[in-house]
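Encoded as structure tokens, the structure appears first; notes follow it.
The values are calculated or read from the model by the stated rules, or taken from the named source; none is laboratory data. Source: prediction; values computed, not measured. Cβ placement follows ideal geometry from the backbone for every residue including glycine, while neighbour counts extend to all protein chains displayed. Protein only, heavy atoms only, side chains kept; ligands, DNA and RNA dropped before computing areas. Shrake-Rupley method; radii C 1.70, N 1.55, O 1.52, S 1.80 Å.
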Amino acid sequence: VVKRDEAFEAEVLPQLRALFGIAYRLTGNAHDAEDLVQETMLRAYRAFDRYRPGTNARAWLFTILHRLRTDLLRRRGRSPETVELVDDGPPVAPVHEKALTSGHEEITRALEGLPEIFRSAVVLRDIEEFTYAEIAATLGVPVGTVMSRIHRGRALLRTALSGRAE
Amino acid sequence: VICDSLRVTALVDDALDAEDRAEVEGHLAGCEACRAQAADERQIRAGLRALPAPELPFGLEQRVRRQLRGRGRLSGAVRLVLPLAAILVVALWVRGYAPFVAWELSRDHEHCFGMERLPAEVWGSEPEIVTGWFGERGERLPLLPPSVGRLALVGGRFCWLPDASRLAHLYYASDEGQVSVFAVPHAVRMRDEYTTSAGGNAVTLMRLGRTVVGVVGENEEEVNVFVSRLRTNVAGLFIDPPFVQ
């Protein structure tokens, strides 16, 4: 037990900040993010035997977190997957003259405005610097889906940040 | 050339192989819209990357640790208790296992008679004196014969079993040999009688009333005589402790 606890402490706990970061980006508030992180840590602790030390602990944790989040949304009747069926994404924002807004606040607001299904892919790519393959594994979808989600997510952000949203 | 905005995204993410990459870059050189898309996506990437990480709520790490420690302790306790419970079950099972009891009595017999001086706590050739001494200490013994053949009662003591219960041990001795009589303080899984040889001694366990009495000696014949004597003469008869209810 002690050895396992030590390994967990060494491998998993250092990811707490990153885990909270992604939870916060997904839920949009600190309270839900903390709940999600606690639950993720608990699951991770129980499943720690299945984790291979030295592999990507962060990706492993994100996978657990994503599954929890998906289950939670499904229970609340807000399946994030349904969004994908709607259409093939927003039109790409046309060429525009002025530069995109780049203030933290505006970007944060634009990010929060994204449907979660796009947001998770964009956050994993642009904030966590995951590769498409890593994102695909984390979200449990094909790489092509990852690409299209990022594409559509960024297109929505582009529209929001170019001041043409309204 | 048709714009492929999806591949422009892949280009920004450096997710294209060399061939696709060259193709998309070639397209970008001549397509303002795709160039703008790539530039905007790069800017969005940079903007997102530059976002300050959300502040960790105060005490979150402690709360997570506490929560995990709670689980850890629980599972730790379960991990500790289960083997102990298993050991206890096995120990209880072994305690009542006739061959083990026989072995244990044989060991006690060897131990006491193997000493330079018999470690008796009560000395006496009169059964009343010896059973009286045990009776004062709450031990109910069968009515003992003062002698069987050449074996005569010498005394007795309490020995200790591995589970820390006490075991009345009575000594019978002659010039040639010794026999021990024990009153086993717990149940033994056996029929009316169990005879074996354990640790180089002949051992017989027998039920006298509700008590299991063990007879141990080097000489099987002597033990058999002793057993039949106990059976025929004192079967079922116990002396109640005179001073203890």
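Could you identify the single residue in A:Ala121, A:Ala160, A:Ala110 that is under 11 Å from the mean Cα position of the chain (by Cα) and not β-branched (Val, Ile, Thr)? Let's see the steps before the verdict.
Details: A:Ala160 fails: under 11 Å from the mean Cα position of the chain (by Cα); A:Ala110 fails: under 11 Å from the mean Cα position of the chain (by Cα).
Only one candidate passes the filter, namely A:Ala121.
Looking at A:Leu100, A:Leu73, can you tell me which residue is open to solvent by less than 100 Å² (accessible area, probe 1.4 Å), within 14 Å of chain B (Cβ to nearest Cβ) and modelled with pLDDT of 55 or more?
Values: A:Leu73 fails: within 14 Å of chain B (Cβ to nearest Cβ).
Matching residue, one of A:Leu100, A:Leu73: A:Leu100.
Show me the helices (runs of 4 or more DSSP H) entirely contained within segment A:110-166 in which 3 or more residues are within 12 Å of another protein chain (Cβ to nearest Cβ) and in contact with a Gly (Cβ under 9 Å, 6 or more places away or on another chain).
Those helices (runs of 4 or more DSSP H) span A:116-122, A:143-161.
Would you check which residues across segment A:1-40 are open to solvent by 30 Å² or more (accessible area, probe 1.4 Å), more than 8 Å from every other protein chain (Cβ to nearest Cβ) and more than 25 Å from A:Ile117 (Cβ to Cβ) and list them?
Of everything in segment A:1-40, those that are open to solvent by 30 Å² or more (accessible area, probe 1.4 Å), more than 8 Å from every other protein chain (Cβ to nearest Cβ) and more than 25 Å from A:Ile117 (Cβ to Cβ) turn out to be A:Val2, A:Lys3, A:Arg4, A:Glu6, A:Ala7, A:Glu9, A:Ala10, A:Glu11, A:Pro14.
Quick check on my filter: what residues within segment B:28-73 are over 30 Å from A:Arg43 (Cα atoms), out of contact with any Cys (no Cβ under 8 Å at 6 or more places or on another chain) and within 7 Å of chain A (Cβ to nearest Cβ)?
First, pick out the residues of segment B:28-73 that are over 30 Å from A:Arg43 (Cα atoms): B:28-47, B:50.
If we keep only those that are out of contact with any Cys (no Cβ under 8 Å at 6 or more places or on another chain) too, we end up with B:29-30, B:32, B:35-47, B:50.
Listed by number, the residues that qualify are B:Glu32, B:Ala36, B:Gln37, B:Asp40, B:Glu41, B:Gln43, B:Ile44, B:Arg45, B:Gly47.
Filter segment B:118-156 for residues that are surrounded by fewer than 18 Cβ atoms within 10 Å (Cβ to Cβ), in contact with a Leu (Cβ under 6 Å, 6 or more places away or on another chain) and touching a residue at least 40 places away in the same chain (Cβ under 8 Å) and give the result.
Of everything in segment B:118-156, just one residue is surrounded by fewer than 18 Cβ atoms within 10 Å (Cβ to Cβ), in contact with a Leu (Cβ under 6 Å, 6 or more places away or on another chain) and touching a residue at least 40 places away in the same chain (Cβ under 8 Å), namely B:Leu143.
So A:Arg43 clears everything in (1) under 27 Å from A:Leu156 (Cβ atoms); (2) open to solvent by 20 Å² or more (accessible area, probe 1.4 Å); (3) modelled with pLDDT of 90 or more; (4) within 12 Å of chain B (Cβ to nearest Cβ) except one condition, right? Which one?
(1)
Every residue in segment A:46-60 that is away from chain B (no Cβ under 12 Å), open to solvent by less than 30 Å² (accessible area, probe 1.4 Å) and part of a helix (DSSP H, G or I), please.
Once the filter is applied, which keeps residues that are away from chain B (no Cβ under 12 Å), open to solvent by less than 30 Å² (accessible area, probe 1.4 Å) and part of a helix (DSSP H, G or I), segment A:46-60 yields A:Ala57, A:Ala59.
Restricting to strands (runs of 3 or more DSSP E) lying wholly in segment B:148-217: which have 3 or more residues that are over 29 Å from the mean Cα position of the chain (by Cα)? Steps first, please.
On the way: elements: B:151-160, B:166-173, B:178-184, B:193-198, B:201-208, B:211-217.
The strands (runs of 3 or more DSSP E) meeting that bar are B:151-160, B:166-173, B:178-184.
Name the residue that is most open to solvent (accessible area, probe 1.4 Å), counting only residues in segment B:81-117 that are acidic (Asp, Glu) and within 14 Å of B:Val203 (Cβ to Cβ). First the steps, then the outcome.
Let us first name the residues in segment B:81-117 that are acidic (Asp, Glu), namely B:104, B:108, B:110, B:116.
Now restrict to residues that are within 14 Å of B:Val203 (Cβ to Cβ): B:104, B:108, B:110.
On the way: B:Glu104: 6, B:Asp108: 14, B:Glu110: 88 Å².
Only one residue tops the list, namely B:Glu110.
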